[in-house]
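Asker: Before we start, here is the structure in question, set down as structure tokens.
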Amino acid sequence: MAMNKRYRNVLTAAAVFSAACSGLAWAAMADPAAAATVPQWIISSHAISLINSYTGSTALTTNAFNASSTAQIGSPASGWISKRTATYTFYGPVSKSSSFLYALKHNKVPKGTVYVMLDMESWALTPHSEQVTPKVYMREFVTTASKHGYKAILAPSIDLTKGMACNKTADPAWKNYLTDCSVPNIVADAHPAMYEIQSQRYEANTSASTDCGCFAWFVSQASAQARKVVTDLAVRAGLSTNPSGHVSTGMTLYTDTLNTEGSVDGYWLNLPEQGTSCPNCVPGGAPQVAVSYLELLGYSS
């Protein structure tokens, strides 16, 4: 997929503006062309449909996501070259109908699937045993996926550490994730095809601080820790139109993208809707935020 020239111009101009306002020095400032990279995406078919319904057209999502580098959760539209992706919240056992092992045994992995994702979180959808020792199950997931011809994506949530022995209740979630439990290191040790950092909870904090739950610093630290183990590991960061129901803005997501462009290859763009897995999310998923964000990136509709 070729990005239009507008992306290069807008991205470079915004990088200059952002650096001037914040006092940050970007390597991209010395070489503006280096800033004009095309994000690689993880996105669900449902999120795409929400955007299409809002815009009344498929043009924007086709321009943004119809690429071989896109991991699309669900079924890609006819003719699309994005890679079909199936998600699981736990590995096994084979007797549990929602597990990855069950899907494999009963041929439930959708036909045409390229990526399989393990989304382990501190919630009822991930068994307690896997929350306590996620390292074991991440490795098993990656190994089993590879044996069956799939590429594995590991996407542990920030709060996964709550069930781990390394968790320190007095420390903030980001410190437990990065330092106390070294989750990025655990992920990289499993050697997945891709690591997704569920960083969306921090996206509203676009500051340039360190040692904090600020998006750019947190993402850069997680990515660097993982790539210290596997230097060429593909890494995506999470962005959301309404993390935990707090509706964001296109500019916020765009700023986060500018600030982390050198740390990750792309982003998982979430449009969560109110439901069992996110009771506080807004109905409808706030697609207007995604549209604004994609347009700021230079995708045309």
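The values are calculated or read from the model by the stated rules, or taken from the named source; none is laboratory data. Fair warning: this is a prediction, and the values are worked out from it, not measured in the lab. When we count neighbours, we look across all protein chains shown, and the Cβ atoms used for this are built from the backbone with ideal geometry, even at glycine.
Asker: Take segment 80-101 and flag every residue that is crowded, with 18+ Cβ neighbours inside 10 Å and not β-branched (Val, Ile, Thr). Write out each step before concluding.
Answerer: Within segment 80-101, the subset crowded, with 18+ Cβ neighbours inside 10 Å is 80, 82-86, 88-92, 99-101.
Listed by number, the residues that qualify are Trp80, Ser82, Lys83, Arg84, Ala86, Tyr88, Phe90, Tyr91, Gly92, Ser99, Phe100, Leu101.
Asker: Of all residues in segment 210-255, count the ones that are over 13 Å from the mean Cα position of the chain (by Cα), closer than 24 Å to Leu50 by Cα and at pLDDT 95 or above. Let's see the steps before the verdict.
Answerer: At the first step, the residues of segment 210-255 found to be over 13 Å from the mean Cα position of the chain (by Cα) are 210-214, 216-218, 220-221, 224-233, 242, 244-252, 254-255.
Filter once more, keeping what is closer than 24 Å to Leu50 by Cα: 242, 244-252, 254-255.
If we keep only those that are at pLDDT 95 or above as well, we get 242, 246-252, 254-255.
Number of matching residues: 10.
Asker: Then there's this: Conditions first: (1) surrounded by fewer than 20 Cβ atoms within 10 Å (Cβ to Cβ); (2) within 23 Å of Met164 (Cα to Cα). Met117 passes all but one, so which condition is the exception?
Answerer: Unmet for Met117, out of (1) surrounded by fewer than 20 Cβ atoms within 10 Å (Cβ to Cβ); (2) within 23 Å of Met164 (Cα to Cα): (1).
Asker: Another question, if that's okay. Mind checking which residues of segment 173-202 are more than 24 Å from Tyr115 (Cα to Cα) and not small (Gly, Ala, Ser)? Spell out how you get there, then give the answer.
Answerer: So the first thing to find is which residues in segment 173-202 are more than 24 Å from Tyr115 (Cα to Cα), and the list is 173-182, 201-202.
Scanning segment 173-202 gives Trp174, Lys175, Asn176, Tyr177, Leu178, Thr179, Asp180, Cys181, Arg201, Tyr202.
Asker: Only one of these conditions is not met by Ala71: (1) among the small types (Gly, Ala, Ser); (2) touching a residue at least 24 places away in the same chain (Cβ under 8 Å); (3) surrounded by fewer than 22 Cβ atoms within 10 Å (Cβ to Cβ). Which number is it?
Answerer: (3)
Asker: While we're looking at this one, here's another question. Name the residues in segment 106-128 that are part of a loop (DSSP other than H, G, I, E, B), in contact (Cβ under 8 Å) with a residue 24 or more places away in the chain and of a type in the set (A, V, I, L, M, F, W, C), would you? Steps first, please.
Answerer: Going residue by residue through segment 106-128, those that are part of a loop (DSSP other than H, G, I, E, B) are 106-112, 119-127.
Now restrict to residues that are in contact (Cβ under 8 Å) with a residue 24 or more places away in the chain: 109-110, 112, 119-123, 125-127.
Scanning segment 106-128 gives Val109, Met120, Trp123, Leu125.
Asker: Let me ask something additional. Hey, among the residues in segment 178-196 that are of a type in the set (D, E, K, R) and farther than 22 Å from Leu258 by Cβ, which one's surrounded by the most Cβ atoms within 10 Å (Cβ to Cβ)?
Answerer: Looking at residues that are of a type in the set (D, E, K, R) and farther than 22 Å from Leu258 by Cβ, I get Asp189.
Asker: Are any residues in segment 70-102 polar (S, T, N, Q) and closer than 29 Å to Glu130 by Cβ, and if so, which ones?
Answerer: Thr70, Gln72, Ser75, Ser82, Thr85, Thr87, Thr89, Ser95, Ser97, Ser98, Ser99
Asker: I've got another one for you. Before we move on, is Ser199 crowded, with 22+ Cβ neighbours inside 10 Å, under 22 Å from Lys168 (Cα atoms), touching a residue at least 12 places away in the same chain (Cβ under 8 Å) and polar (S, T, N, Q)?
Answerer: yes
Asker: Being out of contact with any Pro (no Cβ under 9 Å at 6 or more places or on another chain) and not polar (S, T, N, Q) is the filter here; which residues of segment 138-162 pass it?
Answerer: Within segment 138-162, Arg139, Glu140, Lys147, His148, Gly149, Tyr150, Ala155, Ile158, Asp159, Lys162 qualify.
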